[in-house]
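Everything below concerns the one structure shown next.
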Amino acid sequence: MINIALPKGRLGDKVYALLASAGYSCSSYDSSGRKLVFSDQQSGVSYFWVKPADVAVYVERGAADVGVVGKDILEETAPDVYELADLGMGKCTMCVAAAADWYDDTSRPLRVATKFVNVAKNYYREIGRDIEVIKLNGSIELAPILGMSDVIVDIVETGTTLKENDLKVYASIFPISARLVANKAAFKFKNGQIKKLVDSLSEAKR
Ligand code: PRP
């Protein structure tokens with residue numbers, strides 16, 4: 001059996017559809033219920049529904065052999081896993097955004113609101129700007145509106161959230177998409193199966 005951690009939600013459904021078309025379908029699969037494990041003896045696969053931010057944890061610890069996780073989470077948490085393929089789904093961009101009339105007052109540290117503390121710290125370290133990080137868990141766009149932060153570091157997909165809150169992008173940090181990752185030991189011991197999965201996925205993507 002190959003154990004696959006899927007990110008719960010819309011992306012997980014899309015990834016499952018790709019995997020199913022690559023020969024890894026699961027007859028009992030149902031993403032609308034509360035069941036978290038689905039196995040199919042015939043396809044030799046077990047799926048686990050995992051919170052997107054936790055996929056890499058399951059893979060790193062070997063509870064799942066492979067998993068699908070966003071590049072945003074890989075950059076933020078730097079898990080000890082192999083990144084095997086870009087699935088070309090869940091595309092968006094990690095950005096710096098702020099109010100349209102924002103200007104950088106370099107006489108003081110920049111207040112940065114974000115869910116992605118390490119991404120923000122790494123980015124501003126590289127460009128040599130002192131910051132004060134304000135860690136939030138969601139609705140990040142509210143922070144500059146209320147004057148709690150100067151900028152945000154956050155994911156932009158369609159740009160609708162920024163637009164509706166009168167914010168704009170000032171810098172793109174990196175592009176994001178869903179990546180297939182593997183546990184390092186599983187990659188050694190289930191190498192044939194994992195390679196077959198990667199090949200079947202790249203075939204199915206065409
Ligand atoms: C994400 C992100 C932005 C929004 C971007 O939030 O943090 O707020 O999506 O998408 P858009 O460019 O298409 O508008 P999410 O929906 O995950 O909710 P959150 O605010 O709770 O983080």
- Task: Determine which single condition residue 146 fails, assuming it passes every other condition in (1) of a type outside the set (Gly, Ala, Ser); (2) touching a Lys or Arg at 6+ places or on another chain (Cβ under 9 Å); (3) within 16 Å of the ligand (Cβ to nearest atom); (4) over 25 Å from residue 177 (Cα atoms).
- Result: (2)
- Query: Any residue in the range 108-131 that is surrounded by 16 or more Cβ atoms within 10 Å (Cβ to Cβ) and over 23 Å from residue 74 (Cβ atoms)?
  - Reply: yes
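Per-residue answers, yes or no, for (1) farther than 20 Å from residue 198 by Cα; (2) modelled with pLDDT under 95; (3) not charged (D, E, K, R):
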residue: 1; (1), (2), (3): no, yes, yes
residue: 13; (1), (2), (3): no, yes, no
residue: 20; (1), (2), (3): no, no, yes
residue: 24; (1), (2), (3): no, no, yes
residue: 42; (1), (2), (3): no, yes, yes
residue: 47; (1), (2), (3): no, no, yes
residue: 59; (1), (2), (3): no, no, yes
residue: 62; (1), (2), (3): no, no, yes
residue: 65; (1), (2), (3): no, no, no
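Kindly establish whether residue 101 is farther than 18 Å from residue 71 by Cα, away from the ligand (no atom under 14 Å from the Cβ) and in contact with a strand residue (DSSP E or B) (Cβ under 7 Å, 6 or more places away or on another chain).
It is false that residue 101 is farther than 18 Å from residue 71 by Cα, away from the ligand (no atom under 14 Å from the Cβ) and in contact with a strand residue (DSSP E or B) (Cβ under 7 Å, 6 or more places away or on another chain).
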- Please find, among 157, 203, 164, the residue that is over 19 Å from the mean Cα position of the chain (by Cα), within 11 Å of the ligand (Cβ to nearest atom) and of a type in the set (D, E, K, R). 164
- Answer residue from the range 58-95, given it is aliphatic (A, V, I, L, M) and farther than 24 Å from residue 25 by Cα and is surrounded by the fewest Cβ atoms within 10 Å (Cβ to Cβ) among those: 78
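Can you tell me which residue is farthest from residue 19 (Cα to Cα) among those in the range 175-184 that are within 15 Å of the ligand (Cβ to nearest atom) and in a strand (DSSP E or B)?
Within the range 175-184, the match that is farthest from residue 19 (Cα to Cα) is 175.
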- Task: Would you mind finding the one in 168, 163 that is over 18 Å from residue 6 (Cα atoms), open to solvent by 70 Å² or more (accessible area, probe 1.4 Å), of a type in the set (D, E, K, R) and in a helix (DSSP H, G or I)?
- Result: 163
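Farther than 24 Å from residue 58 by Cα and within 11 Å of the ligand (Cβ to nearest atom): does that describe residue 106?
no
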- Query: What residue, of 183, 191, 137, is without any contact (Cβ under 8 Å) to a residue 24 or more places away in the chain, open to solvent by less than 70 Å² (accessible area, probe 1.4 Å), polar (S, T, N, Q) and within 26 Å of residue 15 (Cβ to Cβ)?
  - Reply: 191
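The values are calculated or read from the model by the stated rules, or taken from the named source; none is laboratory data. Being a predicted model, the structure only gives us computed values, none of them experimental. Counting neighbours? That spans all protein chains shown, and the Cβs are built from the backbone with ideal geometry, glycine included. What goes into the accessible areas is simple: the full protein's heavy atoms, side chains included, and nothing from ligands, DNA or RNA. Shrake-Rupley method; radii C 1.70, N 1.55, O 1.52, S 1.80 Å.
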